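The structure under discussion appears below in the form of C-alpha coordinates.
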Amino acid sequence: MRHIVALIAGAVVLLVVLLGGCIGGMVYVGIAALRSHSSVQPALAQASSDPRVTAVLGTPVEQGFMATGNVAFSGATQTANLSIALRGPLGKGKLVYSATRVAGGQWLVQSMRFEPQNGTPVELIAPNGPLLPPATGPGAAPGEPAPPAPNGGE
(Lines give C-alpha, C1' and ligand atoms only; values in the text may rest on other atoms or scores of the structure.)
Protein backbone atom coordinates (compact mmCIF):
# COMPACT_ATOMS: atom_id res chain seq x y z
CA MET A 1 0.00 0.00 0.00
CA ARG A 2 2.86 2.42 0.83
CA HIS A 3 4.33 1.84 -2.64
CA ILE A 4 1.07 2.79 -4.34
CA VAL A 5 0.77 6.02 -2.30
CA ALA A 6 4.41 6.91 -3.14
CA LEU A 7 3.81 6.15 -6.82
CA ILE A 8 0.68 8.33 -6.92
CA ALA A 9 2.46 11.18 -5.07
CA GLY A 10 5.39 10.95 -7.51
CA ALA A 11 3.03 11.03 -10.50
CA VAL A 12 1.24 14.11 -9.12
CA VAL A 13 4.56 15.91 -8.55
CA LEU A 14 5.69 15.00 -12.08
CA LEU A 15 2.43 16.32 -13.57
CA VAL A 16 2.74 19.59 -11.63
CA VAL A 17 6.35 20.06 -12.82
CA LEU A 18 5.41 19.29 -16.43
CA LEU A 19 2.41 21.63 -16.31
CA GLY A 20 4.57 24.41 -14.84
CA GLY A 21 7.17 23.88 -17.56
CA CYS A 22 4.51 24.06 -20.28
CA ILE A 23 3.02 27.26 -18.87
CA GLY A 24 6.48 28.80 -18.47
CA GLY A 25 7.32 27.87 -22.05
CA MET A 26 4.14 29.47 -23.38
CA VAL A 27 4.83 32.69 -21.43
CA TYR A 28 8.40 32.80 -22.80
CA VAL A 29 7.19 32.30 -26.39
CA GLY A 30 4.59 35.07 -25.95
CA ILE A 31 7.16 37.52 -24.59
CA ALA A 32 9.60 36.61 -27.38
CA ALA A 33 6.89 37.25 -29.99
CA LEU A 34 6.16 40.72 -28.59
CA ARG A 35 9.88 41.58 -28.30
CA SER A 36 10.45 40.75 -31.97
CA HIS A 37 7.33 42.47 -33.33
CA SER A 38 7.97 44.65 -36.42
CA SER A 39 7.08 47.87 -34.56
CA VAL A 40 9.63 47.33 -31.77
CA GLN A 41 12.91 48.18 -33.56
CA PRO A 42 11.66 51.51 -34.98
CA ALA A 43 10.21 52.41 -31.56
CA LEU A 44 13.52 51.55 -29.86
CA ALA A 45 15.39 53.65 -32.44
CA GLN A 46 13.06 56.57 -31.70
CA ALA A 47 13.55 56.25 -27.93
CA SER A 48 17.31 55.69 -28.18
CA SER A 49 17.75 58.89 -30.18
CA ASP A 50 15.76 61.02 -27.74
CA PRO A 51 18.03 63.02 -25.38
CA ARG A 52 15.42 62.85 -22.59
CA VAL A 53 15.72 59.05 -22.59
CA THR A 54 19.51 58.93 -22.85
CA ALA A 55 19.79 61.47 -20.02
CA VAL A 56 18.03 58.98 -17.73
CA LEU A 57 19.37 55.66 -19.08
CA GLY A 58 22.74 56.64 -20.54
CA THR A 59 24.02 55.09 -23.76
CA PRO A 60 23.64 52.61 -25.22
CA VAL A 61 19.92 52.17 -24.62
CA GLU A 62 19.06 48.47 -24.90
CA GLN A 63 15.88 46.44 -24.93
CA GLY A 64 15.27 44.57 -21.68
CA PHE A 65 13.71 41.13 -21.42
CA MET A 66 10.15 42.00 -20.49
CA ALA A 67 7.51 42.96 -23.05
CA THR A 68 3.77 43.14 -22.51
CA GLY A 69 0.81 44.26 -24.57
CA ASN A 70 -1.17 43.13 -27.55
CA VAL A 71 -1.18 43.15 -31.32
CA ALA A 72 -4.46 43.14 -33.22
CA PHE A 73 -5.34 42.65 -36.87
CA SER A 74 -8.45 44.00 -38.53
CA GLY A 75 -8.39 43.42 -42.26
CA ALA A 76 -5.28 45.17 -43.60
CA THR A 77 -4.81 47.23 -40.42
CA GLN A 78 -2.43 46.12 -37.68
CA THR A 79 -2.42 47.78 -34.25
CA ALA A 80 0.28 47.35 -31.60
CA ASN A 81 -0.13 48.43 -27.97
CA LEU A 82 3.16 47.47 -26.33
CA SER A 83 5.27 48.12 -23.28
CA ILE A 84 8.95 47.29 -23.77
CA ALA A 85 11.54 47.23 -20.99
CA LEU A 86 14.56 49.49 -21.58
CA ARG A 87 17.89 49.58 -19.80
CA GLY A 88 21.10 51.53 -19.96
CA PRO A 89 24.20 52.02 -17.84
CA LEU A 90 22.46 54.67 -15.70
CA GLY A 91 19.04 53.12 -15.13
CA LYS A 92 15.94 51.28 -16.30
CA GLY A 93 12.54 52.18 -17.62
CA LYS A 94 9.95 51.17 -20.15
CA LEU A 95 8.74 52.41 -23.49
CA VAL A 96 4.94 52.38 -23.79
CA TYR A 97 3.44 53.01 -27.20
CA SER A 98 0.45 52.50 -29.43
CA ALA A 99 0.98 52.35 -33.19
CA THR A 100 -1.02 51.42 -36.28
CA ARG A 101 0.07 50.22 -39.72
CA VAL A 102 -2.16 49.85 -42.77
CA ALA A 103 -1.36 47.25 -45.45
CA GLY A 104 2.31 46.80 -44.58
CA GLY A 105 3.02 50.54 -44.71
CA GLN A 106 4.82 52.70 -42.18
CA TRP A 107 3.90 52.50 -38.50
CA LEU A 108 2.06 55.61 -37.25
CA VAL A 109 2.21 56.32 -33.54
CA GLN A 110 -0.91 57.24 -31.60
CA SER A 111 1.12 57.67 -28.40
CA MET A 112 4.65 56.98 -27.15
CA ARG A 113 6.00 57.68 -23.71
CA PHE A 114 9.08 56.76 -21.72
CA GLU A 115 8.46 55.77 -18.11
CA PRO A 116 11.69 55.80 -16.10
CA GLN A 117 11.93 53.42 -13.16
CA ASN A 118 12.30 56.44 -10.88
CA GLY A 119 10.88 59.65 -12.25
CA THR A 120 8.15 61.29 -14.25
CA PRO A 121 6.92 59.80 -17.56
CA VAL A 122 7.89 61.73 -20.69
CA GLU A 123 5.81 61.95 -23.89
CA LEU A 124 8.23 61.22 -26.75
CA ILE A 125 6.29 61.74 -29.97
CA ALA A 126 3.33 63.72 -31.18
CA PRO A 127 0.19 61.69 -31.93
CA ASN A 128 -0.01 60.27 -35.46
CA GLY A 129 3.68 60.84 -36.07
CA PRO A 130 5.62 58.22 -38.03
CA LEU A 131 8.04 55.88 -36.32
CA LEU A 132 11.55 56.25 -37.65
CA PRO A 133 12.97 53.17 -39.37
CA PRO A 134 15.93 51.59 -37.57
CA ALA A 135 19.47 52.43 -38.64
CA THR A 136 20.23 50.66 -41.91
CA GLY A 137 24.01 50.41 -42.01
CA PRO A 138 27.34 51.03 -40.30
CA GLY A 139 27.70 54.58 -39.07
CA ALA A 140 23.98 55.32 -39.40
CA ALA A 141 22.26 57.08 -36.56
CA PRO A 142 18.91 55.58 -35.51
CA GLY A 143 16.25 56.59 -37.98
CA GLU A 144 18.69 57.80 -40.62
CA PRO A 145 19.89 55.95 -43.71
CA ALA A 146 23.45 54.70 -43.74
CA PRO A 147 25.98 57.18 -45.10
CA PRO A 148 26.89 56.62 -48.76
CA ALA A 149 29.83 54.40 -49.50
CA PRO A 150 33.02 56.13 -50.69
CA ASN A 151 33.52 56.37 -54.47
CA GLY A 152 29.81 56.22 -55.24
CA GLY A 153 29.34 52.80 -53.60
CA GLU A 154 31.97 50.98 -55.65
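The values are calculated or read from the model by the stated rules, or taken from the named source; none is laboratory data. Not measured: the values here are computed from a predicted model. As a convention, Cβ positions derive from the backbone with ideal geometry for all residues, glycine included, and neighbour counts pool all protein chains shown.
Return the residues of the range 87-100 that are free of Cβ contacts under 8 Å to residues at least 40 places away in the same chain and within 16 Å of Pro42 (Cβ to Cβ); say none if nothing qualifies. Give the steps one after another, and end with the answer.
Pass one, the range 87-100, residues free of Cβ contacts under 8 Å to residues at least 40 places away in the same chain: 87-92, 94, 96, 98, 100.
Passing the criteria: Val96, Ser98, Thr100.
Residue under question is Gly10, and the condition is that it be loosely packed, with under 13 Cβ neighbours inside 10 Å and at pLDDT below 85; does it hold? No: the conditions fail for Gly10. Evaluate the following for Gln41: is it modelled with pLDDT of 85 or more and surrounded by 12 or more Cβ atoms within 10 Å (Cβ to Cβ)? No; evaluated as a whole, the condition is false for this residue. Between Gly88, Gly58, Gly104, the distinction of being on the phi > 0 side of the Ramachandran plot and modelled with pLDDT of 90 or more belongs to Gly58 only. If you filter the range 87-106 down to residues that are out of contact with any helix residue (DSSP H, G or I) (no Cβ under 6 Å at 6 or more places or on another chain) and crowded, with 18+ Cβ neighbours inside 10 Å, you find that the one that is farthest from Ser48 (Cα to Cα) is Thr100.
If the condition is being over 13 Å from the mean Cα position of the chain (by Cα) and β-branched (Val, Ile, Thr), then the range 41-72 contributes Val53, Thr54, Val56, Thr59.
Based on what the data block shows, is Arg35 surrounded by 11 or more Cβ atoms within 10 Å (Cβ to Cβ), modelled with pLDDT of 85 or more and basic (Lys, Arg)?
Details: surrounded by 11 or more Cβ atoms within 10 Å (Cβ to Cβ): yes; modelled with pLDDT of 85 or more: no; basic (Lys, Arg): yes.
So Arg35 does not fit the description; no.
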